Amino acid sequence: MAIPSVMVLPLLIVVAAGVYYIYNEVMQFMSKSLVRNKVVVITDAVSGVGTECAHLFHKGGARLILCGTSWDKLESLYDSLTNDADPRETFAPKLVILDFSDMDSMEDVVAEVVECYGCVDVLICNSSMKMKAPVQSVSLEQDRNIMDINYFGPSTLAKGVLPTMISRRSGNIVLVNSIQGRLAVPFRSSYAASKHAAQAFFDCLRAEVEEFGIVVSTISHTFINASDPPPVEEPTPKPNAVTAFIAKQMTHGVRPSVLANEIMQTVNRKRKEVVLAHPIPWVALYLRSLLPSFLFAVLSAGVKDSVLAEQMQ
């Protein structure tokens, strides 16, 4: 019996949704098997995203090297990973104190990381320091500190593990960066500068090490939103339409679990570049290239608007 024409489109949608669901389930299952026995370094394992990554990769059977600035937090994470884990399916993580603000310690840290297993298969650079302030209020010391944590630290660690990857002709270096490595907004001068520098370094590195079978991936995301949804507030006087819409979009963010899953997928699918952003940042990226004067005018107008200024300060 023929299917009525009005039913064709709904059926196609249902079938497509089913295929997409099955595809995602298969890919998630494969993701866990693909990282088994891989040596995975997470530079800030005690952050929200780092903790989510640690659980994902640990369940997948990876040999984790968890880094962070607090030994107590690292031990707490270690306990949460190993308490309910099957020792036949998982490996007990190794812990390393890593503080990118102390660049003098980096040589020893690199040696300790490499010595854990003798090699590194996956390096996830997710350490980050944020700063929101007018340009004139940021000191040179603050500029240097944020550059150490967001740029010099990850680049130095990547250089440190690179020889083992080159000798084995395999490896994956993942930079968890920010959309502000591509798009600068007011009151983020030092932060955006450090993210732009990191983006450029890892873009150059990608081309240089491709011949050795090493994959360099960058993930540019909007801000990480680990908080609960804000309560509904009483209506307030509306600003101009453009800045109000941008301000509303900036209240959205990427959940740590979503970003961690994207990092896992990026490693397994060997993606070179990922952008996790809502439509407005995407549009702004295109405007930056095609109509920069218009974008600059919108950002300048936004700074003068109290609502948008509050979102950025």
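The values are calculated or read from the model by the stated rules, or taken from the named source; none is laboratory data. If you're wondering where the values come from, they're calculated on a predicted model, not measured in any experiment. Cβ coordinates were reconstructed from backbone atoms using ideal geometry, including for glycine residues, and neighbour counts include every protein chain displayed. In case anyone asks, the SASA skips ligands and DNA or RNA and just uses the protein heavy atoms, side chains included. Shrake-Rupley method; radii C 1.70, N 1.55, O 1.52, S 1.80 Å.
So which residues in the stretch 123-139 are small (Gly, Ala, Ser), closer than 11 Å to Phe187 by Cβ and modelled with pLDDT of 90 or more, if there are any at all?
Ser137
Of the numbered conditions (1) touching a residue at least 40 places away in the same chain (Cβ under 8 Å); (2) part of a loop (DSSP other than H, G, I, E, B), Phe152 fails exactly one; give the number of that condition.
(2)
Within the set of pairs 6 or more residues apart or between chains, which connect a residue that is touching a residue at least 12 places away in the same chain (Cβ under 8 Å) and more than 26 Å from Ser220 (Cβ to Cβ) inside the stretch 104-125 to a residue that is of a type in the set (Lys, Arg) and part of a helix (DSSP H, G or I) with Cβ atoms less than 8 Å apart?
Cys119/Arg168
Just to be sure I understand, how many residues within the stretch 187-226 are β-branched (Val, Ile, Thr) and either assigned to a helix (DSSP H, G or I) or on the phi > 0 side of the Ramachandran plot (or both)?
Looking only at that region, the number is 1.
When the stretch 51-93 is examined, which residues are found to be aliphatic (A, V, I, L, M) and in contact (Cβ under 8 Å) with a residue 40 or more places away in the chain?
Leu56, Ala62, Ile65
Please go through the stretch 193-204 and pick out each residue that is surrounded by fewer than 23 Cβ atoms within 10 Å (Cβ to Cβ), within 29 Å of Ser137 (Cα to Cα) and out of contact with any Ser or Thr (no Cβ under 8 Å at 6 or more places or on another chain).
Answer for the stretch 193-204, where residues must be surrounded by fewer than 23 Cβ atoms within 10 Å (Cβ to Cβ), within 29 Å of Ser137 (Cα to Cα) and out of contact with any Ser or Thr (no Cβ under 8 Å at 6 or more places or on another chain): Ala193, His196, Ala197, Ala200.
Say we look at the stretch 205-241 and pick out the residues that are modelled with pLDDT under 55 and touching an Asp or Glu at 6+ places or on another chain (Cβ under 8 Å); which of these is least open to solvent (accessible area, probe 1.4 Å)?
Pro239
Inspect all residues belonging to the stretch 170-186 and state whether any of them is assigned to a helix (DSSP H, G or I), touching a residue at least 12 places away in the same chain (Cβ under 8 Å) and open to solvent by 20 Å² or more (accessible area, probe 1.4 Å).
The answer is yes; a qualifying residue exists.
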